[in-house]
Structures are given as C-alpha cells and as structure tokens.
Amino acid sequence: MKVASLEAGAVLKNNIAMWQLYRTIEMEPNNMGVKQESQQYSVDSALVNNKQPLNQILYGPPGTGKTYKTINEALRVLEPGLDVDKANRSELKSKFDQYKKDGRIQFVTFHQSFSYEDFVEGLRADTNKDGAISYSVEPGVFKNACDAARTSEDGLSIGAAFDEFIEKLDQEEIELTTANGKPFTVRDSGGATLLCAPQGAKHDSYSANKESIRQVLAGQEPHKRYCISYVRGIAEYIRKNWKLDSVSAKNSGPVVLIIDEINRGNISSIFGELITLIEPGKREGADEALSVTLPYSKEPFSVPKNLHIIGTMNTADRSLALMDTALRRRFDFVEMMPNLDLLQDLEVEGISIAKMLQKMNQRIEVLYDREHMLGHDFFMPLLQANEDQRFAMLQGIFKNKILPLLEEYFFEDWEKIRLVPV
C-alpha cells in the first residue's frame, strides 16, 4: 500500500508540473523562444449567425430518414421563413419538385463508378450531323450547380441562355456579325461546334467551338483560339439578347446540391482539387478566395458562395472514422438516429413497435456497434396499413428487410442474429 501511495504521489506531482508548464506557455508564449505571428482566419458566417451551413452531411444507420430529411434541409436553405418541421409533407415535396425543375436544386447519388468526369467535367464523344466524330467538354453535375448559382438580373444562367440559343437555332436561321463587323449565318452541327457561313458563301466555312463560346460569356479567355472572331460574335449576340451583362452569384438566391450516399464514392477521385474550393473561406467573394484551372476546359474555376451542399451518409456502409479526412473537416456532420417517437403509438397484435425496436437496437449496439442500428423507417409503412394487414406486413418486414440486413451485419452468424429479435 505504501508503494502504491508513493507512485500516486509521483503521478500527481508530474501532473501539477505539467499544468504549471502549460500555464506558463499559455500566459507567456515567448518564454519558450517561440516567435509569435498574428494570423487571421476566415470564420464561417453560418456558425456566427446560426444559419444553414454551406456544407453538411446527414449521417446515421440505415432507415433513419436521411434522404427524406434532405427535402426539409434544402427548403430550409431556399425558404428561410418556412417552418419545414410543421409544414404539410405533400406541400414540401411539391415545392422541392418545383425548385428542382427550376434548377435551384440538383440531386445526384454517388456510387463506386462515379468519377470526376461525371461530377465536374469530362470529354464526351459526339457524332455530328455529317457523321464526323468530335469531342467536347461536358460539364458535370457540380459544375452545372455552380453555373446555376451564377445568374443574370433576370435569373437566367449562362448555361440556360446558351441552351435557349441552341433551341432557337433549331427553329430558324440566325444572322450575326463577327467581332470585326462581318455578317454571317450560324447553325448547330449537333456536336461540339456551331457551323458558320460568311455572307454570300454557299457552304459553311468555319466552326465555332461551343465551350469557347461559354468561356467568353463567363468573361474568360477561351482555351481554343480558332475562329475566335466568330466565337466572340456569337457570345456577344447571346449576351445582348439574354441580358447576361451582370451574371454573378450576387443576383441569385441560394442553390442546393444534394449528394445522396456520399460515402459510397471515391471522394478524393470525385472531388479532386475542388475539395479545397468548397470551404466557406475559399469561395468567391471571401477574403481567402481561391480558383483552379480545370484539366479539360483549361478555364479558371471557383465555387460561388451561394451554393449549399447537402450529403447523406449511411454509417452501415462505412464508418465515419473511415471517411476522407479532407472531407470530414470541410463539412458539418448532423447525426440522425432512430426516432422512436414516430412509432410511439404503434402496436401490432399487442406488440409495441417502438419498444421492440429499442430493445433490438440495444442488442445490436452490444453485439456490433451503434452505427449498425435499425432505423424507424423500416416500420413506418405499418402506420399506413389497417389493423388487419399490420401483422402480415410486420412478418414481411422481418423476412425481406430486417433478417437479410442482420445476416449481412453478422456474416450469417445465426447465434448472434437470434439474439437480436428475441
């Protein structure tokens, strides 16, 4: 006992000494010979003003309503005055669908084959009307979302204006003038270029690259310089007729990009260099704003400050601890666990579904971990069924959903599986 007390006393003295050293360094940092430099760090205004974060991920076990909740979170961003927790669900879904149709909400699901070319931009082969094959730079869902966040005073984005121009070409021949004032007509080749014919020419003599036109509209120097006079002439026509002189993120409301199952994709490969640009402090208009040159189009690119990213993550697929560190520190994580209150009054043949689910999850947490619990959503269909159908439906839920999931969790170890629903 005397030896143990001496050891405890030595540990206590060491702890006191370490605490005193810490206080000395904290109060007088220069005592350690460390040169102090003042640094300013950008602060996420969403944290200060208690607003919706720009980047957030809803994570939890399967069946906890993460994808269901993304509708609420998206509308919370787009309509701050709307009480989404009390609003009618059909009304919320109707609003969500309309915003999605208008391009204010973009939705994508990650999977193992999803790539940078699908998310940001990549090359796509096209067959022209003449049968020739050409390659064009095709924007991905993330780039399209950023484009939608930059609109004119009339709420029109560069991409939308360009698409309307192409539609107009299909209906009528348009006469334009080059940057040097020479008249010409233009038609769509169906591929990566527009075909231009100078006034009086019998055949199309020049081609204007579509991506180059987009770059000029965005105020950038086009990567491909051939037929630049025609490119600038077409861009000027679109800018004038679709009022794109003031395209910016300032003129637009928020835009929401929803990434379902974000942890199922290869984050490093999909986001690439953009993992840095999505930080609030690195976005357009911030003090530490950054831009990068995209590998295919060679154009400078940055992320607008009004683009919100909402992801969902199933912890049964991959633990939060295994997530890409660069992604983890750039997102706010919101845990979603089983909500027993939604099943509180539900009974089937005298069985309280809420208490049954609670017991099952307690056993799963002991036998496995809390990231593999069962969500309340598995049993929500029972609320819509009449009493005569509920028991048969409950049997089907266990047979077709719960037991196969438990087999996967416990690698068909039936001794453990039997302990869960008992």
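Summing charges over neighbours of GLN395, with a neighbour being any other residue whose Cβ is under 13 Å away from its Cβ, gives +2 when K and R count +1 and D and E count -1. Using 0.36 nm per residue and subtracting the Cα-Cα separation, the extra length available between GLU273 and GLU172 on full extension is 32.2 nm.
Each of LEU290, LEU382 has its accessible area taken with a 1.4 Å probe; listed largest first, they run LEU290, LEU382. Sorted from longest to shortest, the spans of the Cα atoms of the stretch 240-388 along the three principal axes equal 69, 38, 28 Å. Once you sort the root eigenvalues of the Cα gyration tensor of the stretch 305-377 as a ≥ b ≥ c, which label holds: rounded (a/c under 1.5), prolate (a/b larger than b/c) or oblate (the other case)? Oblate, because a/c is 1.5 or more while a/b does not exceed b/c. Computing FRET efficiency as 1/(1 + (r/R0)^6) for GLN112 and GLU221, where r is the C-beta to C-beta distance and R0 is 35 Å, gives about 0.40. Charged side chains reduced to their Cβ positions (Lys and Arg at +1, Asp and Glu at -1) give the stretch 273-322 a dipole of some 100 debye around its Cα centre. Regarding the stretch 62-103, what's the average projected area of the Cα-atom convex hull, expressed in nm²? Convex hull of Cα atoms, orientation-averaged projection: 3.2 nm². For the stretch 335-422, with all protein chains in place and a probe radius of 1.4 Å, 48% of the accessible heavy-atom surface sits on carbon or sulfur. Note on the stretch 178-295: Kirkwood hydrodynamic radius from all Cα pairs is 17.4 Å, rounded to one decimal.
Between ASN400 and THR185, residue separation times 0.36 nm minus the direct Cα-Cα distance comes to 71.2 nm.
Taking all protein chains together and rolling a 1.4 Å probe, GLU91 ends up with roughly 80 Å² accessible. In this structure, the amide hydrogen of LEU294, modeled 1.01 Å from its nitrogen in the peptide plane, lies closer than 5 angstrom to those of GLU299, PHE301, counting only residues at least 5 positions away or on a different chain. Ranked from largest to smallest solvent-accessible area, with a 1.4 Å probe on the protein heavy atoms, HIS111, HIS203, HIS376 come out as HIS203, HIS111, HIS376.
How much accessible area does TRP414 have with a 1.4 Å probe, in Å² rounded to the nearest 10? In the full protein context, TRP414 sits at about 100 Å².
Computed with a 1.4 Å probe on the full set of protein chains, the accessible area for TYR206 sits at about 90 Å². When all protein chains stay in place and ligands, DNA and RNA are ignored, the 1.4 Å accessible-area order of TYR116, TYR237, largest first, is TYR237, TYR116.
Classify the stretch 111-243 from the C-alpha gyration tensor, please: rounded if a/c falls under 1.5, else prolate or oblate depending on whether a/b exceeds b/c. Since a/c reaches 1.5 but b/c is at least a/b, the shape of the stretch 111-243 is classed as oblate. Here the relative contact order of the stretch 189-302, from alpha carbon pairs under 8 Å that lie six or more residues apart, stands at 17 percent.
Here r is the Cβ-Cβ distance between ILE351 and ARG89 and R0 is 22 Å; the resulting FRET efficiency, rounded to 0.05, is 0.25.
Subtracting the Cα-Cα distance of ARG264 and VAL292 from their residue separation scaled by 0.36 nm leaves 7.5 nm.
Taking the alpha carbon gyration tensor of the stretch 339-415, multiplying each eigenvalue by 5 and rooting it gives semi-axes of 22, 14, 10 Å, largest first.
The values are calculated or read from the model by the stated rules, or taken from the named source; none is laboratory data. Remember, predicted model here, so these are calculated numbers, not experimental data. We place every Cβ from the backbone using ideal geometry, glycine too, and count neighbours over all the protein chains shown. Remember, those area values only see protein heavy atoms, side chains included, never the ligands or the DNA or RNA. Shrake-Rupley method; radii C 1.70, N 1.55, O 1.52, S 1.80 Å.
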